[in-house]
Amino acid sequence: MVRKMLSLAVMAAVLATGAAGAQEKAKKLYRWVDKDGKIQYSDALPPEAVDQARTEINSSSGMATGSVERALTPEERAAKEAQDAALATASKEAERVRQTEEAMIASFQNEDELKRSFKIRTELLQQTLDAIEAGIGSQRASLASLLADASEAELAGNPVNPKQAGSIRELHTEMAKQQQMLVLKQGELVDLDKELVRLVERFREMKGEASGAAPTAAPAPAPADQAPPAG
C-alpha cells in the first residue's frame with residue numbers, strides 16, 4: 001500500500017514537472033517598435049501594440065519563433081483587395097487567352113495554314129490602315145481649303161463665316177480622332193506580328209507534345225578515312 005502511494009506520488013510529481021515544463025516552453029516574448037521608434041520587449045502586448053508588427057521569441061531559448069505583420073489601415077486594406085481582385089482578373093484573362101489560343105492552334109492542320117490565316121488578318125488590317133490614311137488625307141485637303149477661304153475673308157476685312165468656322169473646328173476634331181485610330185491600328189498590326197510569332201512557337205510545342213518525345217538526332221556519319229565494317 002505504501003509502495004503504491006509512493007508510485008502515485010512519483011507520477012504526480014512527473015506530471016507536475018511536465019506541465020511546468022510545457023508552460024515554460026509555451027511562454028514567449030514579444031518584440032515590437034513603439035510609436036516613438038523604440039524597441040520594446042514584453043511577455044504581454046499592450047493594447048497600443050496589438051496592431052503593430054512584432055516578432056515572437058521563445059523565452060527559454062531566446063530564438064525567434066514567428067512574426068506578425070502590421071495590421072493594414074482601411075485604405076491599405078482596400079488597396080490590397082483591389083490589387084488582389086485585379087490580379088485574379090488578370091489571371092482569369094490569361095487563362096482564357098491560353099485556352100483560346102490552344103483552340104485556335106488545334107484548328108490548323110499545319111504551320112502553313114496558321115501563317116496563311118494570319119496573312120489574311122494582316123492584309124485586312126492593312127486595308128483598314130490605308131482607308132484611315134486616305135480619309136485623313138482628304139480631311140487635310142478640305143481643312144486647307146477652308147482655312148484658305150477664311151484667310152482671304154480676313155485679309156479682305158470680312159469676318160469669317162460662322163458656319164465655315166464651325167466646319168473648321170469639326171474637321172480639326174475629326175482629324176484628331178482619325179489620327180488616334182491610325183495609331184491604334186498601327187499598334188494592332190505590330191501586336192499581330194508578335195502574336196503570330198508566339199502562336200507558331202506554341203504550335204510547334206503542342207504538335208511536339210502530341211507526337212511524343214522529340215526525335216533523336218541521327219548518328220554522325222563515319223569519317224571519310226574510316227573504312228566501313230566488313231559485311
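In terms of Cα to Cα distance under 23 Å, which lysines are near enough to Lys194, apart from those fewer than 8 places away along the same chain?
List returned: Lys92, Lys115, Lys119, Lys185, Lys207.
Trypsin sites (Lys or Arg not before Pro) within region 67-107: which are DSSP loop residues with at most 16 other Cβ atoms inside 10 Å?
Listed in order of number, the matching sites are Arg70.
What FRET efficiency comes out for the pair Ala176/Ser117, r = Cβ-Cβ distance, R0 = 45 Å, nearest 0.05?
Values: r = 34 Å, r/R0 = 0.76.
It comes out at approximately 0.85.
Quick check: from the Cα gyration tensor, does region 108-210 come out rounded (a/c under 1.5), prolate or oblate?
Prolate.
Just to verify a number: FRET efficiency for Asp191 and Ala144, C-beta to C-beta distance, R0 = 30 Å, to 0.05?
0.35
Would you mind getting me the FRET efficiency between Met206 and Glu154? Use the beta-carbon distance for r and R0 = 45 Å, nearest 0.05.
Details: r = 67 Å, r/R0 = 1.49.
So, using R0 = 45 Å, E works out to roughly 0.10.
Select from His172, Ile136, Thr122 the residue farthest towards the positive end of the dipole of region 108-210; place +1 on Cβ of Lys and Arg, -1 on Cβ of Asp and Glu, and compute about the Cα centre.
Of the candidates, Thr122 comes out farthest on the positive side.
Given Cβ point charges of +1 (Lys, Arg) and -1 (Asp, Glu) and nothing else, what value in debye, to the nearest 20, does the dipole of region 108-210 about its Cα centre take?
The dipole of region 108-210 has a size of about 160 debye.
For Lys27, go through the lysines and keep the ones whose alpha-carbon is under 27 Å away, minus same-chain ones fewer than eight residues off.
The reachable lysines, counting only those whose Cα sits under 27 Å from Lys27, are Lys35, Lys38.
Since every read-out is calculated from the coordinates, none of them should be taken as a lab result. Bear in mind that the values here come from a model prediction, so they are computed numbers and not experimental data. All Cβ positions, glycine included, derive from the backbone under ideal geometry; neighbour counts span all protein chains shown.
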